[in-house]
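A.B. asks: Structure provided below as structure tokens; questions to follow.
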Amino acid sequence: MAVEIRKTTPYPDQKPGTSGLRKKVKVFLQGNYLENFVQSVFDTVETADGATLVVGGDGRYFNRQAIQIILRMAAANGVGRVLVGRGGLLSTPAASCVIRKHRALGGFVLSASHNPGGPEEDFGIKFNVANGGPAPESFTDRVYQRSRVIDAYRIVSAPDLDIDTPGRSRIGDMEIEVIDPVADYAELMEHLFDFGLIRSGFRSGALTLRFDAMHAVTGPYAKRILEETLSAAPGSVVNAVPLEDFGGGHPDPNLVHARELAAVMYSGRPPTLGAASDGDGDRNMIMGANCFVTPSDSLAILAANAHLVPGYKDGLRGVARSMPTGRAVDRVAAAMGIECYETPTGWKFFGNLLDARRITLCGEESFGTGSDHVREKDGLWAVLFWLNLIALRKQSVAAIVADHWRRFGRDYYSRHDYEGIEVPVAEGIMGRLQDLLAELPGRAFGDYRVTLADDFRYVDPVDGSVSEHQGIRIAFDNSSRIVFRLSGTGTEGATLRVYMERYERDPNLHNLPTQEALADLIAIAEDLCQVKKRTGMAQPSVMT
Ligand code: G16
């Protein structure tokens, strides 16, 4: 099969963000945009000769076309075998699972996660390495450098392949196997959780569920595992058919975008557990009857109870959270006498800690929780973990949360996002905060005295690599904290994220409305960053 070497010219903007390259579909459709990025990855990988590659995505608009291009380029770059999810589908955690199980060189995961899909919306591509996790910064930096000078890409001519029928086919010497996207992942879940116990909970009616797949990739996984295998009542999984535009919705599992689910959970007869997942299935939102569990609390609760669940019965080696994530899990780690690592935002930073077996569980405030079972965060895994806990403890979600707060205290937590800010204005806000850092320690804002003000710098404890400028941290003497950073996943303008948390030990004060409990910090944050004043926005775009 003749390999064509086609000339191309570089694009200046192919620097991967927090999680891969995310752009408007229109950007990916121009010239050789996708081809340049894919070739830059192949040029960065030492050799793809004869190796196995995994390809799949969240089913959004352009997923299928992108897969056909990647297959033809893989054949031209010497790949021996490609595993493709049927219909082009593979959730991000399932892709990680398949890469690990089949000892692949890595995989292309096609997704812009929780960003909307469709011809006018977003697309994304990310390369995961052999451990199943997102490529580390040292790799993505080299991909970016390559993309700035690339002058040719390799491709073969071949008709489009059938990616909807399981089975094998070939392009030249390269074999393509269309696999069931759910099978390997479902098998892994069965090893981690007590499926028998969860199944009896559903069968007896003690356990009821509403899982909102938001017309994204988790639908087929949730139907198979929750309804078909675990006997959740038919219809427990809603919006289960993946659509190219997610039904026009925003597949972001939070109280704003999963509002249908939230309405059910605050209605007269809510199920025991309410949950939602995002575009590519790596995020999760957990709710109980009249109760929302913050991702930071969820991580802490899973850590505190992990030894009760089969996959973690030997206990945890350590835990980690991203820097802006609430510190509830730190308290659990301290009580257990295990290490708690604080990493920059981005799942890729957990990879080394997991590979070095320093941690077992990790999570982020951005609705991501996971463990050493794969190298991505995992939405459905978190839902199964909660189902297992509820079935075991025979308590409601609200009761489990309240018990946890009684034992460890409550960390009130909220993130305020200001979206679509003009980039120079956002840079001005961050610049002002930088300028304030030196003078903040010791300064009082009412009852809050600053004990630490810095720009977070991470030194990876495993390989010593350094990541600078990972967000502004301002801590106060009453165990409160404010963090400011710019999102690295948006595709238009800039998004300022303001994270606030306050610790409360007194059980009589554990049931205040969150925004009320954080009112002082919200005012201090505005005083410091002046986002409302500088943008004219009266309110955050999203509060979680
Ligand atoms: C990605 C990363 C996460 C990160 C999140 C938000 O998630 O994998 O680690 O927390 O983005 O990042 P930012 O605050 O920079 O927008 P996902 O689900 O979008 O792949």
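A.B. asks: List, please: which pairs have Cβ atoms under 6 Å, are six or more places apart or on different chains, and start with a residue in segment 468-492 that is at negative phi and end with one that is at pLDDT 95 or above and in a loop (DSSP other than H, G, I, E, B)?
C.D. replies: Taking only residues 6 or more apart or on different chains, the pairs are Glu468/Arg457; Gln470/Pro344; Gln470/Phe456; Arg473/Phe456; Val483/Pro324; Val483/Gly471; Arg485/Gly471.
A.B. asks: How many of the residues making up segment 183-229 are at negative phi and touching a strand residue (DSSP E or B) at 6+ places or on another chain (Cβ under 9 Å)? Working first, answer last.
C.D. replies: Taking segment 183-229 as the starting set, the residues that turn out to be at negative phi are 183-204, 206-213, 216-229.
Next cut, touching a strand residue (DSSP E or B) at 6+ places or on another chain (Cβ under 9 Å) only: 192, 202, 207-213, 216-223, 226-227.
Within segment 183-229, residues that are at negative phi and touching a strand residue (DSSP E or B) at 6+ places or on another chain (Cβ under 9 Å) number 19.
A.B. asks: Restricting the search to segment 168-183, which residues are outside any strand (DSSP E or B) and either farther than 20 Å from Ile70 by Cβ or more than 22 Å from the chain's Cα centre (by Cα) (or both)?
C.D. replies: Let us first name the residues in segment 168-183 that are outside any strand (DSSP E or B), namely 172-173, 180-183.
Result: Gly172, Asp173, Asp180, Val182, Ala183.
A.B. asks: Could you check segment 245-278 and list, in sequence order, the residues that are of a type outside the set (Asp, Glu), closer than 21 Å to Cys362 by Cβ and either surrounded by fewer than 20 Cβ atoms within 10 Å (Cβ to Cβ) or within 12 Å of the ligand (Cβ to nearest atom) (or both)? Even if it seems obvious, please write down each step before you answer.
C.D. replies: Of the residues in segment 245-278, the ones of a type outside the set (Asp, Glu) are 246-251, 253-259, 261-277.
Those still in the list that are closer than 21 Å to Cys362 by Cβ too: 253-254, 275-277.
Those that are of a type outside the set (Asp, Glu), closer than 21 Å to Cys362 by Cβ and either surrounded by fewer than 20 Cβ atoms within 10 Å (Cβ to Cβ) or within 12 Å of the ligand (Cβ to nearest atom) (or both): Pro253, Asn254, Ser277.
A.B. asks: Pairs under 7 Å by beta carbon, first residue of a type in the set (Ser, Thr, Tyr) in segment 513-538, partner in a helix (DSSP H, G or I), six or more apart or different chains?
C.D. replies: From segment 513-538, the pairs are Thr535/Val425.
A.B. asks: Suppose we filter Asp194, Asp212, Asp151 for residues that are in contact with an Asp or Glu (Cβ under 7 Å, 6 or more places away or on another chain) and farther than 20 Å from Phe62 by Cβ; which single one remains?
C.D. replies: That would be Asp212, the only listed residue that is in contact with an Asp or Glu (Cβ under 7 Å, 6 or more places away or on another chain) and farther than 20 Å from Phe62 by Cβ.
A.B. asks: Go through segment 5-38 and give me each residue that's within 16 Å of the ligand (Cβ to nearest atom), closer than 17 Å to Gly57 by Cβ and among the hydroxyl-bearing types (Ser, Thr, Tyr).
C.D. replies: Correct list: Ser19 only.
A.B. asks: Can you pull out the residues in segment 120-178 that are surrounded by 14 or more Cβ atoms within 10 Å (Cβ to Cβ), among the acidic types (Asp, Glu) and over 18 Å from His102 (Cα atoms)?
C.D. replies: Selection gives Glu121, Asp122, Glu137, Asp141.
Every residue, every condition in (1) more than 23 Å from Gly370 (Cβ to Cβ); (2) touching an Asp or Glu at 6+ places or on another chain (Cβ under 9 Å); (3) free of Cβ contacts under 8 Å to residues at least 12 places away in the same chain; (4) part of a helix (DSSP H, G or I), yes or no:
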| site | (1), (2), (3), (4) |
| --- | --- |
| Ile198 | no, no, no, yes |
| Arg203 | yes, no, no, yes |
| Ala206 | yes, no, no, no |
| Gly219 | no, no, no, yes |
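A.B. asks: Could you please find all residues in segment 14-39 being under 24 Å from the mean Cα position of the chain (by Cα), at negative phi and of a type outside the set (D, E, K, R)?
C.D. replies: Gln14, Pro16, Gly17, Thr18, Ser19, Leu21, Val25, Val27, Phe28, Leu34, Phe37, Val38
A.B. asks: Still on this structure, please answer the following. Mind checking which residues of segment 350-367 are near the ligand (Cβ under 8 Å from one of its atoms) and either closer than 17 Å to Val129 by Cβ or surrounded by fewer than 24 Cβ atoms within 10 Å (Cβ to Cβ) (or both)?
C.D. replies: Narrowing segment 350-367 to residues near the ligand (Cβ under 8 Å from one of its atoms): 364-367.
Listed by number, the list is empty, since nothing qualifies.
The values are calculated or read from the model by the stated rules, or taken from the named source; none is laboratory data. Keep in mind that what you see is a predicted model, and the values were worked out from it rather than measured. With ideal geometry, Cβ positions are generated from the backbone for all residues, glycine too; neighbour counts draw on all protein chains shown.
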